[in-house]
Amino acid sequence: MKKKKIVCFGGGGAMPQLILNPLKNFDFDIVSITSMVDNGGSTGALRKEFNTMPAGDIRRHLLALSEAEEWKKELWQFRFAKDIEISPQHFGHNFANVFITGLETIFGDFEQALKICHQFLNVKGMVLPAILDQVQLMAELEDGSLIEGEEEIDLGENHNRDLKIKNIYLKPWVRAYQKALDKTKIADNIIIGPGDLYSSLIPCFLGGGWKETMVQSRAKKIFICPAMTKWGETQNYSVKDFTKIVEKYLGTLLD
């Protein structure tokens, strides 16, 4: 019997734990796709120093689908220099962030680094980036002001968080990662979320090619709505509001 192909989208920590971890216990062909806009904490510091792709979100997806020995999983989450404040309220470097950044720096190739990570963690399925280029996440607020960077959108205190987000986009605009598009095109089911709407979920679909792929896809598209709203992103949102925004950026209706 042919395995069902499931493609999951999200960034941050919620989706890997709540969706990927349980799914790997079933006989599915799993592909996990994460946004690549993280610029805070350990990830942001390494990204700035080495001009590498952000490792923070994709490392969580790799771990969630890992079938490696426990010591490897524990090492993956080990944190160095916990008494050193890398950025406000972020301390130390995560081993996985350093490992992925080191591999990309040595090989000059994020795809090769990702391949080695899959082997090291004995990943069930495949973890892919939504894009493969250096970008910053931008948000336009309802008063027309612009916010740059995922961390500022997510946690920042340098803008009026009572203002609603009107639009988000990538700076610069880039194409989606073709391998991620190809895997999505043949999916039987697409699962989006849960996670922060504007800083984790929607950024997955901002690269060129995602809207066309979602419109053409015959997969059943499932959106798992966040259980709570978030000040600065989705305050006062209803489930209908969340759904309308997801459909806007997908370019098609959910099932």
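The values are calculated or read from the model by the stated rules, or taken from the named source; none is laboratory data. From a predicted model like this one, the values you see are computed outputs, not experimental measurements. All Cβ positions, even for glycine, are placed from backbone atoms using ideal geometry, and neighbour counts span all protein chains on display. Calculation scope for accessible area: heavy atoms of the full protein, side chains included, ligands and nucleic acids excluded. Shrake-Rupley method; radii C 1.70, N 1.55, O 1.52, S 1.80 Å.
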Within the range 44-63, restricting to residues that are crowded, with 16+ Cβ neighbours inside 10 Å and part of a loop (DSSP other than H, G, I, E, B), the one that is farthest from the chain's Cα centre (by Cα) is T52
Taking the range 229-244 and keeping residues out of contact with any strand residue (DSSP E or B) (no Cβ under 9 Å at 6 or more places or on another chain), under 17 Å from I153 (Cβ atoms) and hydrophobic (A, V, I, L, M, F, W, C) leaves W231
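Every residue, every condition in (1) within 21 Å of L20 (Cα to Cα); (2) touching a helix residue (DSSP H, G or I) at 6+ places or on another chain (Cβ under 7 Å); (3) among the aromatic types (F, W, Y); (4) exposed (fewer than 12 other Cβ atoms within 10 Å of the Cβ), yes or no:
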position	(1), (2), (3), (4)
L65	yes, yes, no, no
N97	yes, yes, no, no
D143	no, no, no, yes
E151	no, yes, no, no
D162	no, no, no, yes
Residue hits (the range 67-92; open to solvent by 50 Å² or more (accessible area, probe 1.4 Å) and closer than 26 Å to I19 by Cβ) are E67, E69, E70, W71, E74, L75, Q77, F78, R79, H90
Of the residues in the range 222-246 that are over 18 Å from the mean Cα position of the chain (by Cα) and of a type in the set (D, E, K, R), the one that is surrounded by the most Cβ atoms within 10 Å (Cβ to Cβ) is D241
Qualifying residue in the range 201-212 (condition: of a type in the set (D, E, K, R) and either farther than 24 Å from A45 by Cα or open to solvent by 70 Å² or more (accessible area, probe 1.4 Å) (or both)): yes
Taking the range 94-120 and keeping residues farther than 14 Å from A45 by Cα, in a helix (DSSP H, G or I), out of contact with any Phe, Trp or Tyr (no Cβ under 8 Å at 6 or more places or on another chain) and not aromatic (F, W, Y) leaves L103, I106, E111, Q112, L114, K115, I116, H118, Q119
Worksheet item: With respect to I147, is the statement that it is touching a residue at least 40 places away in the same chain (Cβ under 8 Å) and either of a type in the set (V, I, T) or part of a strand (DSSP E or B) (or both) true?
Response: no
